[in-house]
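Undergrad: First the structure, which I've put down as structure tokens, then a few questions once you've had a look.
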Amino acid sequence: MRFPKEVAVTLAEAPDLGRLVPSDAPHQGVVIEVEPLDDMWIDDLLTQASDRSLLLVLDQVTDPHNVGAILRSAAAFGAIGIVTQDRHSPPESGVVAKAASGALERMPWVRVVNLARALEEIGEAGFWRIGLTGDSDTDLKEALGPPRVALVLGAEGPGLRPNTREHCDALARLPISETVESLNVSNAAAVALYAASIA
């Protein structure tokens with residue numbers, strides 16, 4: 001393995017590396033100490049939006065595997081970023097990074113204190129806010145309209161909270177068969193991002 005000259009390298013045995021990282025973080029033979037990613041504010045994210053932009057808002061999605069997979073899908077389908085609550089979402093971690101497969105470092109991730117207030121700002125920036133929920137009678141395809149779209153997804157189980165639903169312009173569902181009750185939130189995000197990106 002070759003490293004840039006400015007990177008200090010210390011050789012170690014695998015058990016020593018294992019003690020440097022959390023037990024759920026696979027190190028695969030390399031541990032790198034890095035600075036935290038820069039914080040991003042919602043105003044900064046919204047000013048990056050073009051006439052046609054996709055944004056994801058996660059309402060208390062706490063599973064780091066799901067958030068990582070959503071970051072990856074957001075990057076794949078050209079979203080400008082994701083927005084989560086500060087207290088009810090996982091921190092940046094090895095689990096999120098592994099599930100994101102490189103997207104954690106590339107996809108802007110805004111953490112907000114108040115999700116309802118953030119949704120108001122997103123609406124004021126010209127985004128059509130679509131809350132995804134299985135109990136809607138409207139298919140996502142029918143709810144899509146304006147070129148700036150914010151897809152709002154809730155946690156598995158409880159789904160979108162009432163206050164979050166009230167801050168959406170439309171509620172929609174993915175038209176899935178009756179064979180399964182619902183999709184995993186990361187799968188739902190990927191399908192919704194694809195549908196919104198080709199609308």
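None of the figures in this text is laboratory data; all of them are computed from the coordinates on show. Just so we're clear, the structure is a prediction, and the values are computed from it rather than from any experiment. Here the Cβ positions follow ideal geometry from the backbone for every residue, glycine too, while neighbour counts run over all protein chains shown.
Undergrad: Between GLY154, GLY68, GLY102, find the one with the highest GNM mean-square fluctuation for the chain; connect C-alpha pairs within less than 10 Å.
TA: It is GLY102.
Undergrad: Let me ask something additional. Put one equal scatterer on each alpha carbon of the chain, apply the Debye formula with no solvent term, and list log10 I(q)/I(0) at q = 0.10, 0.19 1/Å to two decimals.
TA: -0.45, -1.31
Undergrad: So in the chain, what percent of DSSP beta bridges are antiparallel if you round to the nearest 5?
TA: Close to 5 percent.
Undergrad: Right, here's the next one. Dipole magnitude of region 42-198 about its Cα centre, charges +1 at Lys/Arg Cβ and -1 at Asp/Glu Cβ only, in debye to the nearest 20? Write down the numbers at each step before the final one.
TA: On the way: 13 positive and 20 negative charges, 72 e Å.
Rounded to the nearest 20 debye, it is 340 debye.
Undergrad: Order by neighbour count: ARG106, ARG173, fewest other Cβ atoms within 10 Å first, most last.
TA: Working: ARG106 11, ARG173 19.
By the 10 Å Cβ count, ascending, the order reads ARG106, ARG173.
Undergrad: Positive end of the dipole of region 42-198, charges at C-beta (+1 Lys, Arg; -1 Asp, Glu), about the Cα centre: which of TRP128, ILE176, ALA49 has its Cα farthest in that direction?
TA: Positive-most Cα among the choices belongs to ALA49.
Undergrad: Compute the distribution of all C-alpha to C-alpha distances in region 113-199, in bins of 5 Å from 0, and list the percent of pairs in each, rounded to whole numbers.
TA: Histogramming region 113-199 at 5 Å steps yields 3, 14, 27, 26, 19, 7, 2, 1 percent.
Undergrad: Could you work out the relative contact order of the chain? I mean the mean sequence separation of Cα pairs under 8 Å and 6+ apart, divided by the number of residues, in percent. Don't skip to the answer; put the middle values down first.
TA: Details: 332 pairs, mean separation 44.7, N = 199.
After rounding, I find 22 percent.
Undergrad: Something else: Within a Cβ distance under 11 Å of ALA196, other residues only, what is the Lys/Arg minus Asp/Glu net charge? Walk me through the intermediate numbers first.
TA: Working: positive: ARG52, LYS141, ARG148; negative: none.
Here the charged neighbours net out to +3.
Undergrad: If you don't mind, another one. Using 0.36 nm per residue of separation minus the Cα-Cα distance, give me the extension gain between HIS88 and GLU105 in nm, one decimal.
TA: 4.1 nm
Undergrad: In percent, how large is the relative contact order of region 112-199, given Cα pairs closer than 8 Å and 6 or more residues apart?
TA: On the way: 122 pairs, mean separation 30.7, N = 88.
Relative CO of region 112-199 lands at 35 percent.
Undergrad: Picking from PRO108, PRO147, PRO64, which is most flexible by a Gaussian network model of the chain using Cα springs under 10 Å?
TA: PRO147
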